Amino acid sequence: MVTATEQRADQLAGDLGALGLADVRLFLGEPHVLFEELSPDPNWVFGRLSIRHQILTGPRPQVIVTTAAAVLGRWSPNQAFLDATDLWVTGEELGRHRLAAQMVLCGYQPVSVVEDEGTFAVRGGIVDLFPPGMPLPVRVDLFGDEIASIKTFEPSSQRTIQSLASLALHPIRDVVFTDAAVTQARERLENIADEIIIPTRRLHAVVEQIEQRNYFFGVEGLWPTFYDGGAPVLDTLLGDDVVVVLDDVDTVRDALDTHEKHAIRERSRAIEKHRIVVEVGEHMESAAATLTRLKSRATVSTVRVVLDGHDGDNLLPIQLSDWHLLATEMEARRKDSTLGEILDPLEVEIRHRIDKRHRLFLMCGTRGNAERLRDLLRARKLDLPIRTELPDLSATVSRRDPEIAIVIAGLSSGLVDSAGGIAILTDVEIFGATRQSKKRRKRAPKDGLTTLKNLAEGDLVIHVDHGIGRYLGLKRLVLGGVDGDYVHLEYAGGDLLYLPIYRLNLLQRYRGPKESVRLDKLGGNRWIKAKQRVKDAMLAMAHQLLAVQARRQSLPGLRLPEPDDQFRAFEATFPFEETPDQQRAIDEVIADLCRDKAMDRLVCGDVGFGKTEVAIRAAFLTVLGGKQVAMLVPTTVLAEQHGITFRERLAAQPLRVEVLSRFRSQKDLAALVADTRDGKIDIVIGTHRLLSADVAFKDLGLLIVDEEQRFGVRQKERIKQLRAQVHILTLSATPIPRTLHMAVTGLRDLSIIQTPPAERVSIRTEVVRFDEEVIRTAIQREIHRGGQVFVVHNRVRSIDAMARFLERLVPEARIVVAHGQMSGERLERIMIEFIRRDHDVLVCTAIIESGIDIPTANTMLVNRADTFGLAQLYQLRGRIGRSRDRGYAYLLLPRSDRIHKEALERLAVLKRFTDLGSGFQIATHDLDLRGAGDLLGGNQSGHIAAVGFELYSELLNEAVEKAKGLSERLAIEPDIKLPITAVLPEAYVGEPMRRLAFYQRMAQAQSDAEIFDVLEEIEDLYGKTPDEVKNLAEVMVIRRRLMVLGCSSLSCAVNEGEIKIGLTFIPEPPIDQARLAVTLQAEPKRYRLLPSGRLAITVPIDQMPGSIALARLVRDEVGLLPAI
């Protein structure tokens, strides 16, 4: 199928999939970067070459939907592509060097951990790669040179999933750097340089990059120089038995002509700029020839309007109608409730189809919409089943019974085939819903960092019993006859402590200000006093918070009516499928609003994870209940942005949304204040101006506060006064760590959104010196993929000079400046123009830091990034990458100035954490760098500095439990002495940080199964596990069982004919004393209770056990003891 535009192709591909065609591939045209020295989006290249491989090697896709621009193009000869293709089969002998060389040849990039398409990693006999077009990356396990297994794996957990018999590897770039291709490209480029004027320095630089086999920016535009002739893309797409459909042949003709003329024009401009370019004809066929060829092969061509010149004999009118009248009537009722219930016309239509014995299918793009529609129709005595796919519409069906169902599939619009008795109605017509998200869901990130991951030698740590020390690395030692890894710690006075890795739970990373911290003394009492002081303060604060909560529970609430049909229909207009966390937050907020007490809920989630939609639904339900809504935001620009978002989302609803800010004239403000007082405005959005004494509401029901921590003391006090009177919903992009969440649960109503939206991809972050070429390339690449750019320059005095510099650098870009010292009217105009895409580049201060939502802006350059705080940089970066396109953030440092060590540390953290949902990691590192404060309303920074963040959270959790009257839990960390080696050998897992992370995950496991899960993951990542690693898992299981029994230590000795195990218990251990007494009496030779209270177990053996057998024997013996 050939269409004129990408948008139409995308729509057609989606519709064909919804109608039941399983194998539909989208083959898009080349973006306009041929002569720009820019590289196209890798995902675009991956998609095209994946389809090419599928066509050439089979089986061919069932349907390919493509564009005029795509069929016009040329690419390398098919034989050259196939020559670089390889097939890896289980059992075949290839060797890791051969595998690595093949991946490099195909264009894969080496990385340390494979998470993105087109990357690979080699670890010993394990080779990971992510072939584009596959849903998951692949792990190849080598036994010597033989491929032992090929399995897919989950990139977030790195665990293998499914075995594959073979894996086909094909080029994933337009250029394959074979020796012959490199030689040919060098000669061809020298010839081109003789024909057009190209600076010698530029030519040599390009040739040098090619000889080094680097995929530099713009190499794809030079692909014809690598091959002796290319091939038309259409040659590959058109097979002998291929049916060709031209979608609106007239618009396809226009698109072919436009694309060809654009390419000719761009090549002329490139020559004027002395760029290295090839002929247009080497990149694409002529528009006229391509159209002639398409029309000669077309089986079906569609036209929208019949004009003179069309062959009348071959015209076939399509007798289908749409749902325009029904959709118009429902839309009118949505805006004016006096016209009747919104769903009445739909009910009439369904009952009419039932009477006529028709087949009617109600198509919904998401399961959520399907279930909402089912519930709404059930209330009208229409109980329809939900299906996951359409039945075969071409099959002949008996008309005795109507066939009516709800189908989960996103169709762009419905249709009515009156002659065939078939009707399809979509949620677009029913609810006014827009594009639905279809990409596979990304998983929520794991619960934060393990506290010791990424720990470097020299970092400060906290031992729960001994206090603050310095981490000096992992050391392999034999202590007390036990061979293993030990954590090497230094304390005041040069004292050293070696902590066995199975006791890692006693260790935490120090998160607090490092400037004034001092090491504790082993055996000293300063640490004990500091910990007790914090414990007392925590208990006092917990009592205070519980008292506040009890006081709120006793106040009368503002109970709102339960959601009705109008609210459920509004929910269905959300253009995406709610993430599980987002849906949970929505449900919790709605439940709060419908209770007999005032809501005070904090919704916490990463930037762009859907908190605003939670607020919009709460606001709409409040308005339906006859109350007004106020939304308080920290900045004027954010108020305007929220105003646009709320108005767009609520456009079809009969309510009024206004923004109260300095962008309004005094006359307009006075009128808005009066209308608010009179109840004429339903939702008011504004800055702290909303809290002024002259702003009054007729009947305020809900106050939404965005980023409360950014308001001043007076504003916070005013919010506190309102808390007792109205529902309060607070939104925060500052993530709450898991440990703190556990402590706060029950003190504040808290909803956490951790799951990233589908279609969002993580942001690429680069830390680079200020470089004109980097800046030019970044801006041009974003503009040419149809996007916009933020350039953050946080100095108003020189911001205009920066804009002029960019105008000289990228003359084709439309550049505008915005900063907070502009007049409100001018700033508003600029921001609205940028949102409307009147400008390509916004040069601005950090005014965009909070809340601005412009999905088309996906590249950001931050000048003097070293002068920003970590949380501020994270918020800034969150402004981009908010659509399906990957975001690119460039953190620019001065060319020559020395950068402060702390600034470099901040930037390194930001670059490292690019995953969606990485806000927790950023937050914990911000605690490292700046210290913490005011997380719970009291000044807590001093307590956190004294004992560190993790221990602070644990002490707070204990204090809350104690304040609630729960019994105190006693933490046990047993000392284990087994004559076996239990360790991750350095030769097996080389990176110390990875070893430490695995050790801690085993130590933190809550079950035996979790420990063995980690063991399986290690084997997945590094190959067959040595005995020492299996021993480690067994020791960790023994440790867990000792903790359950209340054992403080275990020793084991192997003698001839017997194994002796000794256990020491804490006072009043959680062990079943009666059952233990029965065991002692039943087997006196095996079990003896010594006068010291120590339990001795003697196990007879026939032969000396191996280390694994010994560990399992001890594990089983400990497991037999009766815990309570």
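Between Arg533 and Val245, the simple spin-label model (points 7 angstrom out along Cα→Cβ) gives 7.6 nm. Full extension of the chain segment joining Val113 with Ser823 gains 250.7 nm, where the gain is 0.36 nm per residue of separation less the Cα-Cα distance. How much of the DSSP beta bridge set in the stretch 324-431 is antiparallel, as a percent to the nearest 5? Counting DSSP beta bridges with both partners in the stretch 324-431, the antiparallel share is about 20 percent.
Derived from the Cα gyration tensor, the three semi-axes of the equivalent ellipsoid of the stretch 324-431 are 22, 15, 14 Å, largest first. Taking every alpha-carbon pair in the stretch 639-701 and binning the separations at 5 Å intervals from zero gives 4, 18, 30, 27, 17, 4, 0 percent. Note on Asp694 and Glu986: their simple-model spin labels are 7.3 nm apart, each label 7 Å out from Cα toward Cβ.
About its Cα centre, the stretch 158-240 has a charge dipole of approximately 500 debye under the convention of +1 per Lys or Arg Cβ and -1 per Asp or Glu Cβ, with nothing else charged.
Treating the Cα atoms of the stretch 86-169 as identical point scatterers in vacuum, please give the log10 of the normalised Debye intensity I(q)/I(0) at q = 0.11 Å⁻¹, two decimals. At q = 0.11 Å⁻¹ the computed log10 ratios are -0.23.
In Å, what Kirkwood hydrodynamic radius results for the stretch 975-1120 from the alpha-carbon pair distances? Hydrodynamic radius (Kirkwood, Cα only) of the stretch 975-1120 equals 16.4 Å. Using only the C-alpha atoms, the convex hull of the stretch 769-840 corresponds to 86 Å³ per residue.
With a Förster radius of 60 Å applied to the beta-carbon distance between Arg186 and Ala1077, the computed FRET efficiency rounds to 0.10. The average projected area of the stretch 158-258, computed from the convex hull of its Cα atoms over all directions, is 12.6 nm². Close amide H pairs (under 5 Å, H built 1.01 Å from N) link Val705 with Leu632, Leu729, Thr730, Leu731, residues at least 5 positions away or on another chain. Farthest toward the positive end of the dipole of the stretch 1-137, out of Asn78, Leu99, Ile126, is the Cα of Asn78, where the dipole comes from beta carbon charges about the Cα centre. Fully extending the segment from Ala801 to Arg647, taken as 0.36 nm per residue of separation minus the present Cα-Cα distance, adds 51.8 nm. Listed by Cβ neighbour count within 10 Å, with the fewest neighbours leading, Ile342, Ile318 appear as Ile318, Ile342.
Based on alpha carbons, the Rg and Dmax found for the stretch 213-302 are 15.9, 46 Å. Using the beta-carbon distance between Ser321 and Arg380 and R0 = 35 Å, what value does 1/(1 + (r/R0)^6) give for FRET efficiency, to the nearest 0.05? So the FRET efficiency works out to roughly 0.90. With Rh defined as the Kirkwood radius, the inverse of the mean 1/r over Cα pairs, the Rg/Rh of the stretch 34-121 is 0.99. Between Asp465 and Asp23, the modelled labels are 6.5 nm apart [label points 7 Å from Cα along Cα→Cβ].
On full extension, the segment bounded by Ser286 and Asp596 gains 104.4 nm, given 0.36 nm per residue less the C-alpha separation.
Number of Lys-Lys pairs in the stretch 975-1120 with C-alpha atoms under 25 Å apart and a separation of 8 or more places or on different chains: 5.
In terms of other Cβ atoms within 10 Å, Arg837, Arg201 run from fewest to most in the order Arg201, Arg837. Take the residue pairs Lys597/Lys698; Lys535/Lys964; Lys611/Lys964; Lys667/Lys698; Lys151/Lys475 and return only those whose Cα atoms are more than 24 Å apart. Over 24 Å apart, Cα to Cα: Lys611/Lys964; Lys151/Lys475. Please find the FRET efficiency linking Ala1109 to Val517, where r is the Cβ-Cβ separation and R0 is fixed at 41 Å, and quote it to the nearest 0.05. Efficiency computed from Cβ-Cβ geometry: 0.30.
By the beta-carbon count within 10 Å of each Cβ, the least crowded to most crowded order of Lys381, Lys356, fewest first, is Lys381, Lys356.
The numbers here are math on the coordinates, done by the rules we state, and not lab data. No experiment lies behind these values; they were computed from the predicted model shown. Because the Cβ atoms are built from the backbone with ideal geometry, glycine has one as well, and the counts that use them run over all protein chains shown.
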